[in-house]
Amino acid sequence: MSGLAGPVAIVGSGSIGVAWAIVFARAGHRVALHDPDPTRLDAAAAELDERLALLAGHRLLSEEPAAIAARVARHAELTDAVRDAVLVQECAPERVELKRELFERLDLLAPASAILASSSSALPASRFAADLPGRSRCLVAHPGNPPYLLPVVELVPAPFTAPDVVDRAEALFEAAGMRPVRVGAEVEGFLFNRLQGAVLREAYCLVRDGVATVEDVDRVMRDGLGRRWAAIGPFETVDLNTRGGIASHAEKMGPAYARMGAERGQDDPWTPELVAEVTRQRRARLPLAQWEERVAWRDETLMGFERARRELGL
């Protein structure tokens with residue numbers, strides 16, 4: 001269980017709110033789940049039980065589901081939900097005015113020391129928290145969906161977010177079993193949706209141009225790229241695919257990728273300086289002397305995934 005298991009308030013009991021409740025209750029936090037709609041709160045309780053039962057069925061819980069569910073209390077009043085929170089995780093719809101109004105209330109009602117985090121998928125905190133007296137404690141903490149299965153969480157501070165708030169948020173999410181990534185600038189869509197968006201844009205173009213069907217695209221991702229990316233990311237993929245590592249890959253394949261981008265009106269060259277920086281970061285993670293060993297690890301990992309897929313009939 002988390003060593004930082006103070007009370008957490010989840011504001012909004014939709015699918016992401018329920019998922020966050022599982023993450024924090026599973027880690028030992030008392031969770032206050034708020035929604036102004038009592039019907040939605042009742043539905044959230046049933047969803048919580050269903051999801052915990054499924055996780056237990058796959059042996060993904062270290063406690064009985066009932067013990068975890070018992071840490072989640074439902075609150076129709078926002079004041080009651082945030083009263084003692086160390087973290088308030090907002091899960092309202094993706095509308096600027098709604099988030100702005102909600103964060104104004106949270107800044108008034110939550111303890112002065114509480115972190116105010118938004119689950120926003122694309123809207124940066126500057127869009128809805130810039131005018132708050134307590135804006136220094138506000139940031140975005142965007143999860144993958146569902147966060148109890150996808151542990152990445154993007155921490156996106158605004159220029160006005162206090163550094164110690166980001167540090168505390170990172171420690172709290174890590175202690176809850178998440179894997180935080182600090183995003184260095186408030187770009188729309190952050191990392192997760194910009195990467196996903198790049199793939200989707202090209203996928204739509206390939207269907208539009210008659211190059212592939214929807215199923216063709218999904219099959220290439222599902223049975224090809226997605227299988228590799230389940231274990232390693234795109235940079236490590238090409239680093240391990242080319243003897244000599246990522247610098248060798250950029251030299252051999254960079255011109256082809258530049259031509260593909262030019263077809264879509266893009267002009268984002270892999271400059272020597274950029275390739276050098278990416279190479280520096282990769283070699284810091286994996287010296288070339290360990291390249292063969294890591295390639296063998298990748299292949300063993302893919303074999304394990306393949307065995308699991310066959311067992312599941314995928």
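Name the single residue, out of those in the range 69-91 being part of a strand (DSSP E or B) and among the charged types (D, E, K, R), that is surrounded by the most Cβ atoms within 10 Å (Cβ to Cβ). My answer is 90. When residue 217 is tested against (1) closer than 23 Å to residue 12 by Cα; (2) touching a helix residue (DSSP H, G or I) at 6+ places or on another chain (Cβ under 6 Å), exactly one condition is not met: (1). Scanning the range 17-36 for residues that are assigned to a helix (DSSP H, G or I) and either over 17 Å from residue 102 (Cα atoms) or among the hydroxyl-bearing types (Ser, Thr, Tyr) (or both) yields 18, 19, 20, 21, 22, 23, 24, 25, 26.
Within the range 141-199, the set of residues being assigned to a helix (DSSP H, G or I), among the charged types (D, E, K, R) and more than 14 Å from the chain's Cα centre (by Cα) comprises 164, 167, 168.
No other residue among 60, 116, 102 is buried (at least 17 other Cβ atoms within 10 Å of the Cβ) and closer than 25 Å to residue 177 by Cα apart from 116.
Residue-level check: of (1) assigned to a helix (DSSP H, G or I); (2) more than 20 Å from residue 194 (Cβ to Cβ), residue 278 misses just (2). Taking the criterion of being within 23 Å of residue 40 (Cα to Cα) and hydroxyl-bearing (Ser, Thr, Tyr), the residues of the range 92-130 that qualify are 118, 119, 120, 121. The residues of the range 226-268 that are part of a loop (DSSP other than H, G, I, E, B) and in contact (Cβ under 8 Å) with a residue 12 or more places away in the chain, listed by number, are 230, 231, 232, 243, 244, 245, 264. Among the conditions (1) within 18 Å of residue 35 (Cα to Cα); (2) modelled with pLDDT of 95 or more; (3) in a loop (DSSP other than H, G, I, E, B); (4) acidic (Asp, Glu), residue 94 misses just one, which is (2).
The values are calculated or read from the model by the stated rules, or taken from the named source; none is laboratory data. Here the structure is a predicted model, which means the values were calculated and not measured. Reconstructed Cβ throughout: ideal geometry from the backbone, glycine too, with neighbour counts over all protein chains shown.
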